[in-house]
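The values are calculated or read from the model by the stated rules, or taken from the named source; none is laboratory data. Since this is a predicted model, take the numbers as computed values, not measurements. Cβ atoms come from the backbone with ideal geometry, glycine included; neighbour counts cover every protein chain shown.
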Amino acid sequence: MKPTFLRSRLLLTLIVASTLTPALVQAQTRDLSTSGALLDRIAAVVNDGIVLNSELDEQTEEVVGRLRQQNTELPARNVLRRQVLERLVVEEIQMQRANKLGIQVSDEMLNGALDDVARRNSMSFADLPKTLESQGIDYRTYRDDVRRQMTLQLLRQRDVIGRINISPRELDQALARQAKGPDQNGEYNVSHILISVPVTATPEQIQAREARAREVYDKAKRGEEFAQLAVTYSESTTNIEGGSLGWRKGSQLPSIVSEQIAKMKAGDISDPIRTPSGFHLFRLNDVRGSVQQAVVSQVHARHILIRTTELEDDQTVQQKLATIRERIVKGGEDFAAIAAVTSNDTGSGADGGDLGWSGPGSFVPEFEKQLDALKENEISQPFRTQYGWHIVQLLGRRVHDATQDKIRQQVYAQLRESKAEEETELWLRRLRDEAFVEYRM
């Protein structure tokens, strides 16, 4: 079976340069039309950029095909095109902001992502273009699309994810609620509808949006297809996918719905839930999985890291660490004291190089290989990793029940993901409100 490559959308290779102003593009299009050679039309003007009708047509056909594969009844064509066009407009706004901030995806980063795609489809990076071509996908266009999506991810990381903070008190409160919530290791298939509320909404507008959310909820309770209602009414970024959030572990569910999910069974729909971004409806489609105890082997280690400089090359640094090791092993000097004044690892240096108890995958492979070969209290010979030169001492090994640690990590991830979804919706709305958009459909 041939691997299948999913694309959010393919980018059109334009004859008209993107740096041209919308007015000039329109003038050129109009001039070409008089000679019977119309190339494209403008679907929307977005600040100094445009969304072309060909892009809208292409994306709409992809969405129609996807919805048909899911056996979802299609909404009216004009409704679907409006939803798709709005998504393209918001994406164009984000790309403009990324360009303004100088966010770029290098060829090295892009090739790394494509190599990962190839490996997950059991092929080499070199075979990727031919495989895509066999499926009717232009490789250059595929690269452009992946680069675009990676750029949007980097922008979201900068503007949203990087600014999210979880306080210790928030985490403790969430852990207390977790006992009442869904199984953190169970998996839940959830769909979502958002009826958005403007940030500056009046009480009357809020009331009207709540009434719309209640109307959609009533339709869903009467048995109307939730996915079709999402495509028709939802203002979330998942609307075109029928509101599907896919399979998520309990730890990855938005906190605004986790307590409701714990009380729901497959097929249930939540009452409208109010948040700063609007009114949300959730449908629990299916449940699977169970809690697993997390028992792991851990090591306790400490190290000294020294990086090379213009004045000290690899050989010099390696010899320096060998001398330090000799002083500790034969001279009885204190490892922690030397690490505190010598190690270039600012994170552990102040603690005498102590790395604490760590499980598998905590360190780079070269570091773990050294630890695996050590006996308790033994100090390694100097070795090199991507971070510099190290000596490491194994302080102990243990088998540890990390279930509670894992739960804490999962709840932290849940809080972060929940905040990210809500903040992303608000961030996108702010970008949209601040942009100049003129529809020409």
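Kindly evaluate Q70 against the criterion of being of a type outside the set (S, T, Y), assigned by TED's automatic domain parsing to the domain that holds Q153, touching a strand residue (DSSP E or B) at 6+ places or on another chain (Cβ under 8 Å) and surrounded by fewer than 18 Cβ atoms within 10 Å (Cβ to Cβ). So Q70 fails the test. Do we find that R302 is among the basic types (K, R), free of Cβ contacts under 8 Å to residues at least 12 places away in the same chain and assigned by TED's automatic domain parsing to the domain that holds K369 in this structure? Spelling it out, it is not the case that R302 is among the basic types (K, R), free of Cβ contacts under 8 Å to residues at least 12 places away in the same chain and assigned by TED's automatic domain parsing to the domain that holds K369. Within the stretch 212-226, residues that are within 18 Å of M264 (Cα to Cα) and part of a helix (DSSP H, G or I) reach partners that are at pLDDT below 95 and polar (S, T, N, Q) with beta carbons closer than 9 Å, at six or more positions or on different chains, in the pairs Y217/S270; F226/S191; F226/N285. Yes or no: E366 among the acidic types (D, E), over 12 Å from V299 (Cα atoms) and modelled with pLDDT of 95 or more? So E366 fails the test. Taken together, R248, R274 contain a single residue that is in the same structural domain as R416 (by TED's automatic domain parsing) and under 17 Å from E187 (Cβ atoms), which is R248. A single entry from L52, L101 fulfils the requirement of being buried (at least 18 other Cβ atoms within 10 Å of the Cβ) and not polar (S, T, N, Q): L52. Within the stretch 123-137, the only residue that satisfies the criterion of being under 25 Å from the mean Cα position of the chain (by Cα) and modelled with pLDDT under 90 is I137.
Restricting the stretch 146-176 to residues that are closer than 14 Å to A413 by Cα and in contact (Cβ under 8 Å) with a residue 40 or more places away in the chain leaves a set whose member that is surrounded by the most Cβ atoms within 10 Å (Cβ to Cβ) is A174. Flag set for G243, criterion: touching a Ser or Thr at 6+ places or on another chain (Cβ under 9 Å) and under 30 Å from G223 (Cβ atoms). Looking at S362, is it of a type outside the set (A, V, I, L, M, F, W, C) and surrounded by 16 or more Cβ atoms within 10 Å (Cβ to Cβ)? The answer is no for S362. Is one or more of the residues making up the stretch 374-383 exposed (fewer than 14 other Cβ atoms within 10 Å of the Cβ) and on the phi > 0 side of the Ramachandran plot? Yes; the residues of the stretch 374-383 include at least one that is exposed (fewer than 14 other Cβ atoms within 10 Å of the Cβ) and on the phi > 0 side of the Ramachandran plot.
Only one of the listed residues (R327, R397) is among the basic types (K, R), touching a residue at least 60 places away in the same chain (Cβ under 8 Å) and not assigned by TED's automatic domain parsing to the domain that holds R177. That residue is R397. When restricted to residues that are of a type in the set (S, T, Y) and in a helix (DSSP H, G or I), the stretch 183-211 contains 0.
Here G331 passes the criteria (1) modelled with pLDDT of 90 or more; (2) over 19 Å from E366 (Cβ atoms) except the one numbered (1).
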